[in-house]
Structures are given as C-alpha cells and as structure tokens.
Ligand SMILES: *[C@@H]1O[C@H](CO)[C@@H](O)[C@H](O)[C@H]1NC(C)=O
C-alpha cells in the first residue's frame, strides 16, 4: 500500500469512530433546542415553531394528554392549563442517553392568585425530514 492510500485508510477509520459521537452531540443540542421551544410556547401561546414529530405523544402525571404533534401544538396554544401560566423559572436541561431531562418551576394563576408547581419533563427526539423533532414528552407535575 502506498503512503496516500494508507493515509486515507487511517482517515476513514478515525473519522468513522469519531463521527457518530459528533453526530450524536448535535442531535442532543437540537433536541434541547426543541424542548426549550416547547416550554417557551407556554408563554407565547404560539406552537408553530416547536419542532413536534407528527407522531409525538405526551404523558403528564401518568395520563396520556397528547397523541400527535398537531394535537399537542393545539393544546399548548389553546387549553386552559397552559393559558394560566404566568411565568417559567429555574429552567434546567440535562441530556443523558439521548433523553433531554428538563426541570422548571411554573407560576400559574390569575390576578393576585399564584400557584407554584415543579415540573420534571423528559423529551426524546427523532429525526424527521432531516431535523430533530420531539417524539415523546413525559412530565411529572407537582404542587409545592
Ligand atoms: C426522566 O428520565 C430519567 C432517566 O431515565 C428518569 O429517572 C426520570 O424519572 C424521568 N422523569 C420523568 C418525568 O419521566
């Protein structure tokens, strides 16, 4: 083997070992961005920019509350539980084994009444039409 082809072979081996992890990292970053967009939509009441997979499912406190991307988008924009959200605080996002684990505190209520709840919400994403889209949402919501 000449120098050129052994060099190429080395490149191929090294890059194929490194590439999956690079690819995985950027997938994680876009899944975090997608998750943040979902949470932000609670305040804007506009879910049009949230990358939801068409087959996205959502489960909150053990109950299925969404069976498709459009259904979940519509509920974030229109359902009363999201309408009464005043602010979102202490947001954190951690990725582990492809799961985006978020935590945040929701201030809910109207007028002078405010209820605080702690949300733990896990997101998984799947590639759809060349972009990472939220495929599953699992949330545990508890009042303080
Ligand atoms: C999120 O995923 C982690 C790790 O699998 C798990 O321990 C935690 O209970 C999950 N949280 C929710 C809200 O499902």
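Every number here is computed from the coordinates shown, using simple stated rules; none is lab data. All values derive from a computational prediction rather than experimental measurement. Every residue, glycine among them, receives a Cβ derived from its backbone with ideal geometry; neighbour counts consider all protein chains shown.
Its DSSP H runs of at least 4 residues, each contributing -39,500 (n - 2.57), put the calculated 222 nm mean residue ellipticity of the chain at -13000 deg cm²/dmol, to the nearest 500. The label point for residue 18 and the one for residue 36, both projected 7 Å from the Cα toward the Cβ, are 2.6 nm apart. Take the convex hull of the alpha carbons in the chain; its mean projected area over all directions comes to 10.6 nm². Quick check on the range 88-144: take the gyration tensor over C-alpha atoms, sort the square-rooted eigenvalues as a ≥ b ≥ c, and tell me if it's rounded (a/c under 1.5), prolate or oblate. Note, shape of the range 88-144 comes out prolate. Scoring 79-87, 95-103 by mean Cβ neighbours within 10 Å over their residues and listing the highest first yields 95-103, 79-87. Could you work out the relative contact order of the chain? I mean the mean sequence separation of Cα pairs under 8 Å and 6+ apart, divided by the number of residues, in percent. After rounding, I find 22 percent. Length gained on full extension, residue 9 to residue 92, computed as 0.36 nm times the residue gap minus the Cα-Cα distance: 25.6 nm.
Residues within the reach of a label modelled at residue 115 (point 7 angstrom out along Cα to beta-carbon, backbone nitrogen below 17 Å), restricted to the range 51-80, are 60-63, 79-80.
Using the Cβ-Cβ distance between residue 79 and residue 122 with R0 set to 30 Å, the FRET efficiency works out to roughly 0.90.
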